[in-house]
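Input: a single structure, listed below in structure tokens.
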Amino acid sequence: MSEIPTLPFEAPDWRLANKPAAHIALALAFADGPAPVAAVVRNAGPRRWLLIGDAPFAESVGFKLIDLSHARERLELSGPGAAAKLATGTSVALADGASAQTLFGPLAIHLTRTGPQSYEILVARSFAASLWRALTHA
Amino acid sequence: MTAFRLAQGGRIDRERRVAFRFDGKTYHGHHGDTLASALLANGVSLMGRSFKYHRPRGVVTSGSAEPNALVTIGEGGRREPNVRATVVELYEGLTAESQNRWPSLAFDVGAVNGLLSPFLAAGFYYKTFMGPAHLWERLYEPLIRRAAGLGRAGTQADPDAYEKVWTHCDLLIVGAGPAGLAAALTAARAGADTLLVDENFAPGDAALDAARAELASLPNARLLTRTTALAWYDDMVFAALERVQKHVATPDPAAPVERLWRIQAKRALLCAGAEERPLVFSGNDRPGVMLAQAGLDYARRFGVAVGRRVGLFSNAGAGVVQALKQSGVEVAAVIDARKAAIVGTQGGLALSGVETDDRRRIDLDALLMSGGFSPRIHLACQRGARPRWSEQHAAFLAPEGTLPVAGAAAGVYGLKAALDDGARRAVEILADLGRIATLANFGPLPEDEAPEVRPIWRAPSTKGKAFVDFQNDVQVEDLNLAVREGYDHVELAKRYTTTGMATDQGKLSNVNAIALIADARGLSPEQVGITTFRPFYTPVSFGALAGPHRGADFQPTRRSPLDAWAHRHGAVFIEAGQWMRSSHFPREGETHWRETVDREARTVRASVGMADVSTLGKIEVVGPDAGAFLDRVYANPMASLKVGRARYGLMLREDGFLFDDGTISRFAQDRYFVTTTTGAAVQAFEHMEFCAQVLWPELNVGFASVTDQWAQMAIAGPRSREVLQKLVDLDLSNENFPYLAVSETTLLKSQVPARIYRLSYSGELAYEVAVPAGFGDAVAEAITLAGAPHGLCCYGLEAMGVMRIEKGHITHNEINGTTTVEDLGMGRMISSKKPDYIGRALRQREGLLDPNRQRLVGLVALDVHAPVRAGAHILAKGATASLENDQGHVTSACFSPHVGSAIALALIQRGPDRLGEEVLVWNALANEFTAARIVAPCFVDPANERLHV
């Protein structure tokens, strides 16, 4: 399997779904300052943010952008059992709204807690099928 | 020993009868039994054989320190050797068999070793197997290996699932005895996220049922039973193993059988209790002799009397005797170790009596012994803290400044004292976390019996063997021998005698051994010290450590965005690291991969081919200092690269050796695009991160891996321009877009954004086209279609390899960590003007500039049918095949359809000075010799004219 399924995977107490394609860019700053402005801004490390939106981002003063729209797949893990499922591969426990660049097992992911029972996972496109399998077969 | 089930008592379910098998015979026990308690209840006392002398052994403990009662459980893929019968929960249909015996447990031929024991003392095999050396491989090692270990592992695949999971808590409490329970209740009532783990399936005292019930009702408290805390790591991470479904006949496939917890705790408290020490006296290993606490446990937890005439040999014991009697066990004799001693035991496979030092014989069928207690401080000392000897406790305790410890694990004995201690330590820890807690109160409790701590290390030995380490058969005399022969340091004595090296890791034996060594050396146990505590606390299955990562899931698989395209065109795939790459594209009628690869390489050189190069590591480098940064990372100049141009780059290690190669393209003043080799992509990226973050944080540069962003295709061959021009919205003529030009453009009349690079790996006119990965499949198909009238073929990794060897391009076969740019003939590419770059100073070391070093050349086989294989060695013509005459080796080899024979790249001493010389290629593995000629490492278009057409 090289592509991830378009249909969600339904487990008794959690659900994994493929989110629709979006524009994703890494914004880099070379000095400390406020985060860039975009529809969705995710923390990605010191002076680094991931921007997610419906249209391409214009480069603004103070930030350099690297387009990752095709480099990442976006998954949503949700449900009362989502946190426990995630804990089988991830060491971080996030507060609502927080993000972390972390691992699921051996796979690098960018994880955001988007709600009390929902998470957004950004994963490298080439590893997306492996991540899907790791989450749904385990 | 004639143990039996008491008419009442115990925490077993007497309504639920459970059938099980041991060594082929069916027995019955009850739900709530362990295998050991059920065997005892059936009067079975012989449960195992010791490792060295095959001595008959019975159960000594009732817990995870058991050294003797090791059995093999289960069948087929679930077969599990060396399982402690004392921790196996009984279930319907359980099958167990004894180990290390032949033909049967009761009659074991291996017991003859016992008669040879004068020759098998400590260190015997260092003395016996000294020489001659040639016997090692054929005789000694196979003998030792066959003798090693007790049980035999199964060979079938394990059908069960294993899981790893992380969790977080404010306070982790290890051990749910009185201290742990009191601490957990205190913490949970104060609102702390509390995690209590215990290795037992029914931990704790019946007197504390109410406290357990309250804890279970609190939402912020979790109790994990059947869970052993195994290890304490840096940053307050703990490992624990939960046996989720080891106690059921047929595991539910939807759940794991074992779960490896990794616990991130803010604080932790060790309440693991204390291990009772055996007494060392002659015949102390006879089945029926066991620890006093074990005898009590079997009576109180399992309703089993360990014998009809039970003796107690101890330095204390009024409380034990009383408790045994209350449970219905008859105590026939008490031998106070402070006043008397046992000097021998009688009985064959089961105890029938003991002899005391006043020559009295006492008929007993079970003997309980107690030599004092050793607190279980393993976890607190696993990270290097040295335990301290407490004369007051006659035991090693955890030092200050490591994990806090409470209850018996801290040398605080008695129910009331342990409850108080646990609660008190929890209050302290919570205060440290900023929470106010109040001591949990457990109501009025009887005063604890004052513990007797005066140690008795051994009874006077008169005859027979007195064992210190039961499983490994280490006797007092072995320790004395080690001291006499100079192995008197505790770590040396351990290894010389193997005391403490069995599956129980010396839980029962270490402190006794230390005291005996101290005695032999005239020192105190404090001066002798203790051996190092290392994870894990108890053995862990490989299944739990592997978790879900086995078989097809051993490592993740990376798929190229052109994976589906390659599948459609019939690719055969090959694993390259984590990537699945297209190796070659066989066509109908082709019977051998070489036929396919030759055809692909010929087609590219004659007309045009297309390959997937998406797996190259790709890094976008941005920022005002991007050029300066790359100038320092690469040995050749990069800041001077013009926008719209690409350059080949060499990255060195700090020590001057070559690290990786790739191409660097510049798309804007402050934007570069770098490729690395597929195999070294991660290392190269990490190297750049290190440089940016640690070496030069002052540079305003940022970068990201864009490997996954781009689907990248190589279109190579004299007709590649014609094919590509049909799709690319850019004038690809040589004038407008010369060799090493790069451009951001579009494809298919502005439909698809793209980057075009005029780069060539094959040595032909060639382009690389990159499109955002989601467009990759469609664009690859469009190019394949557009190329069809021109004879375009898809080619894979193999043909790519053939063409790069024909061109003398290097890969990590040549960049092998021992080669310099000079060795590879690329010294002239390196800038002598740049003030600095990584590797500049050390690449000029004398040794690296030695003209006698092995340097890169080409080889052509003289016989067109003769093979040349990578890894083969080079001999001068006429030299004898020996390592003394070795002059280098073949790094890459293939059959070249262009040359018509095998060709190779090789690193050969003074190679470039020896062009034209005939040498012998020696493949020692196959004893194959091929005559070859040294040539320049380029077999196609040495003037590179084809790149510029």
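Partner shielding of A:64-75 amounts to 6, given as the average count of beta-carbon atoms from other chains within 10 Å of each residue beta-carbon.
Can you give the charge dipole size of the range A:23-67 about its Cα centre, rounded to the nearest 20 debye, using +1 on the beta carbon of Lys and Arg and -1 on the beta carbon of Asp and Glu?
160 debye
A Förster radius of 30 Å combined with the Cβ-Cβ distance from A:Asp96 to B:Ala254 puts the calculated FRET efficiency at roughly 0.50.
In summary, the lysines within cross-link reach of A:Lys64, defined as a Cα separation below 30 angstrom excluding same-chain residues under 8 places away, comprise A:Lys19, B:Lys618, B:Lys642, B:Lys749, B:Lys834.
Tell me, in nm to one decimal, what length is gained between B:Glu744 and B:Ile362 on full extension, where the rule is 0.36 nm per residue of separation less the Cα-Cα distance? The span from B:Glu744 to B:Ile362 would gain 127.8 nm if fully extended.
Report note on the peptides B:39-48, B:772-781, A:27-36: ranked by the mean count of other C-beta atoms within 10 Å, highest first, their order is B:39-48, B:772-781, A:27-36. Considering only B:Ala704, B:Val633, B:Leu397, the residue lying farthest towards the positive end of the dipole of chain B is B:Leu397, judged by Cα position with unit charges set on Cβ.
Please work out whether the protein assembly as shown counts as rounded, prolate or oblate from its C-alpha gyration tensor, where a ≥ b ≥ c are the square roots of the eigenvalues and a/c under 1.5 means rounded, while otherwise a/b larger than b/c means prolate and anything else oblate?
Taking the square roots of the gyration eigenvalues as a ≥ b ≥ c, the protein assembly as shown is prolate.
Taking 0.36 nm per intervening residue step and subtracting the Cα-Cα distance, what contour gain separates B:Ser390 from B:Val949 on full extension? It would help to have the intermediate numbers written out before the result.
On the way: separation 559, 0.36 × 559 = 201.24 nm, distance 8.62 nm.
Extra length from B:Ser390 to B:Val949 when fully extended: 192.6 nm.
Note on the range B:647-692: with charges restricted to the Cβ of Lys and Arg (+1) and Asp and Glu (-1), its dipole about the Cα centre is near 280 debye.
Model label points for B:His592 and B:Arg568, set 7 angstrom from Cα along the Cα-to-Cβ axis, are 3.3 nm apart.
With a Förster radius of 51 Å, plug the Cβ-Cβ distance of B:Ala876 and B:Phe554 into 1/(1 + (r/R0)^6) and report the FRET value to the nearest 0.05. After rounding, the FRET efficiency stands at 0.70.
Dipole of the range A:23-67 computed with +1 at Lys/Arg Cβ and -1 at Asp/Glu Cβ about the Cα centre; of A:Ser60, A:Pro34, A:Gly45, farthest Cα towards the positive end is A:Gly45.
Can you tell me how the range B:545-623 classifies by the Cα gyration tensor, rounded, prolate or oblate, using a/c under 1.5 as the rounded cut? Oblate shape, in that a/c is at least 1.5 and b/c is the bigger or equal ratio. Distance between the 7 Å Cα→Cβ label points at B:Ala340 and B:Trp136: 5.5 nm. Of all beta bridges that DSSP places with both ends in chain B, some 75 percent have antiparallel geometry. The order of the peptides B:601-611, B:667-677 by mean Cβ neighbours within 10 Å, most packed first, is B:601-611, B:667-677.
Label separation (B:Arg152 vs B:Phe667): 6.3 nm, computed from points 7 Å beyond Cα along the C-beta direction. Each peptide among A:15-21, B:175-181 gets the average number of other Cβ atoms lying within 10 Å of its residues, and from highest to lowest they stand as B:175-181, A:15-21. Legend: mean number of C-beta atoms from other chains within 10 angstrom of residue C-beta atoms, peptide A:22-32, equals 3. Projecting the Cα atoms of B:Pro253, B:Pro203, B:Ala566 onto the dipole axis of chain B, where Lys and Arg carry +1 and Asp and Glu carry -1 at the beta carbon, places B:Pro203 farthest toward the positive end. From the Kirkwood radius over Cα pairs of chain B, Stokes-Einstein at 37 °C and 0.692 mPa s returns a whole-number translational diffusion coefficient of 98 µm²/s.
Counting 0.36 nm for each residue step from B:Lys266 to B:Arg145 and taking away their Cα separation leaves a gain of 39.1 nm. Among the residues of A:118-127, the average count of other protein chain beta-carbon atoms within 10 Å of the residue beta-carbon is 4. Basic side chains Lys and Arg get +1 at the Cβ, acidic Asp and Glu get -1 at the Cβ, and with that the dipole of the protein assembly as shown about its Cα centre reaches some 1060 debye.
Bear in mind that the values in this text are calculations on the coordinates, not laboratory data. A quick note: this is a predicted structure, and the numbers were derived from the prediction, not measured. Backbone-built Cβ (ideal geometry, glycine too); neighbour counts: all protein chains shown.
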